[in-house]
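**Q** Right, I'll just put the structure down here and ask away after.
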């Protein structure tokens, strides 16, 4: 087939595979060629080792034959997509940047955005399971495809459920029904979607239909899972049955929930990590499973938001089959983390699940596939990755619990939890709400280091998000952060906040700021927040290469982090300072996309564009931003994002070229 000689192709992977170029479909005539293109497109600009591609597509072949097959496949892709379509750098392969637009990548970007319009577009993009018609008879491909299908389906379902929730909050019950119904059509066992359908029907005055839907859900769960609806669904329906029809949605938040079965001397939730099961059939892998469990216990214990049962008590239950309720009674825990480890040839698969102990409802689950390497390095990587993801998953579950609790019964801890989503959402209105909740929490208990640190962070963020951090606000933030560290100098979050407060726009003690931020990482190497704050200190303080390394690490630990807008701003400013403007432009666009209202992201985009000689684009960005909030060179100089005079002057010069007035 002749080359189409075009720079951009459209790739659809959700549902059946489809490739178009020049507005006409292109038939690759090979499942493996389709799979190879899809895999490289999802990998983005990250080069993929040839060895990984051998395993995925020709793992059952001898290496010589696999190499030849890959060379042939790459030749065919180049003949179809263009001579420069595939980049070969030694033993690594990648697609040329901008070669394809991919529906999965677009879906991921929309879900990160999280706005109602973005979620609606994301829900519409999901046409079916990833590569539904591409089946390749190789173990590595089957495992990779299944993991990606579950991940992307889960992401799409979350978008549909979140869209339904937003529509319901706005009173759009028909749109809420449609979004939740779409989620149920994809996965009929998604109980939070069923709950939204019941709520939407109720608010529409269709109480009989709501109760009928609940009865159908009972039958479905009994038939498919031999279980009952969870406590939240039962509480919602109990409220619905006890009230007269009204225009108001009977929300789960209106129903008092039973008190938790356990407290740990504070209100922190407690968790047990059960010994991971070795399902490899190889007794030699038992030590590896135990090692991973111990490392996860150690990594999770560094997060001070919850208590983790010690290793001795955890391993006392090895080999025993206890229910979550039994574990709650035995150990007094709220959450149970369990998992299994399987070795398949030269790869390790780790499956992990977090459940609520009393209700035994799954809170979060995931699978990790890794190449078999040095055993201790692999243990460290898996434990750090799992800990970094489990901590926010548990936090979200606790936030949801606090959200459902009646306002009259809120404790200091509940108020702290209610503040967190607003604190990280990154808008001025949310920040104001977060500060209000945190002040209320401290009125009830002013000895909580996490609450003090969270309020300090909220006050710091009033400068970039509200543009009005007064000297009094800055001084209060510094005092709160210092008090948090004085109360608990082993809290990594408090140390990270204090370090940033000392260094950043609030304080001027750069040396001590770095010390406390590095101490946060020593205390908790799995903290994406600690990596992010240290990266921002580097971005502002002139350690640009180190900043990029730290911020990349933060994004690797938490790729969908609520602070993505800030970490990407740090990356774009670092690339600007290093004179790597095209990379700065790419990261600035991600920052603006994630948080369109964040002014610094727009300014950094304009600066990189201007420095790269793309003046019209830079001026367009400035005009767009100034329509919202106009700024001046004088204000940008006073804000002093860059501490180095030469970089600051280059930044201000770029802003002048971009059209910012003196």
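**Q** Given the residues 190, 182, which is the only one that is modelled with pLDDT of 90 or more and within 24 Å of the chain's Cα centre (by Cα)?
**A** 182
**Q** Across segment 341-359, which residue is modelled with the lowest pLDDT among those that are touching a strand residue (DSSP E or B) at 6+ places or on another chain (Cβ under 7 Å) and not in a strand (DSSP E or B)?
**A** Selected residue: 346.
**Q** Now a separate question. Has segment 285-292 got any residue that is out of contact with any helix residue (DSSP H, G or I) (no Cβ under 9 Å at 6 or more places or on another chain), at pLDDT 80 or above, over 23 Å from residue 490 (Cβ atoms) and surrounded by 19 or more Cβ atoms within 10 Å (Cβ to Cβ)?
**A** Yes - at least one qualifying residue is present in segment 285-292.
**Q** Shifting gears a bit: Can you confirm whether residue 95 is surrounded by 18 or more Cβ atoms within 10 Å (Cβ to Cβ), under 26 Å from residue 583 (Cβ atoms) and touching a helix residue (DSSP H, G or I) at 6+ places or on another chain (Cβ under 7 Å)?
**A** yes
**Q** Could we say that residue 398 is in contact with a helix residue (DSSP H, G or I) (Cβ under 6 Å, 6 or more places away or on another chain), in a loop (DSSP other than H, G, I, E, B) and at negative phi here?
**A** Here the answer is no, as residue 398 does not meet what is asked.
**Q** Among the residues of segment 207-230, how many are within 29 Å of residue 116 (Cβ to Cβ), buried (at least 17 other Cβ atoms within 10 Å of the Cβ) and out of contact with any strand residue (DSSP E or B) (no Cβ under 9 Å at 6 or more places or on another chain)?
**A** Number satisfying all stated conditions: 6.
**Q** Sticking with this one: Condition test on residue 553, is it closer than 20 Å to residue 97 by Cα and either within 22 Å of the chain's Cα centre (by Cα) or in a helix (DSSP H, G or I) (or both)?
**A** The answer is no for residue 553.
**Q** Among the residues of segment 454-463, is any assigned to a loop (DSSP other than H, G, I, E, B) and free of Cβ contacts under 8 Å to residues at least 40 places away in the same chain?
**A** Yes, some residue in segment 454-463 is assigned to a loop (DSSP other than H, G, I, E, B) and free of Cβ contacts under 8 Å to residues at least 40 places away in the same chain.
**Q** Right, another one. Scanning segment 58-77 for residues that are in a helix (DSSP H, G or I), within 18 Å of residue 137 (Cα to Cα) and without any contact (Cβ under 8 Å) to a residue 40 or more places away in the chain, which turns out farthest from the chain's Cα centre (by Cα)?
**A** My answer is 65.
**Q** With respect to residue 589, determine if the residue is more than 28 Å from the chain's Cα centre (by Cα) and in a helix (DSSP H, G or I).
**A** no
The values are calculated or read from the model by the stated rules, or taken from the named source; none is laboratory data. From a predicted model like this one, the values you see are computed outputs, not experimental measurements. Cβ coordinates were reconstructed from backbone atoms using ideal geometry, including for glycine residues, and neighbour counts include every protein chain displayed.
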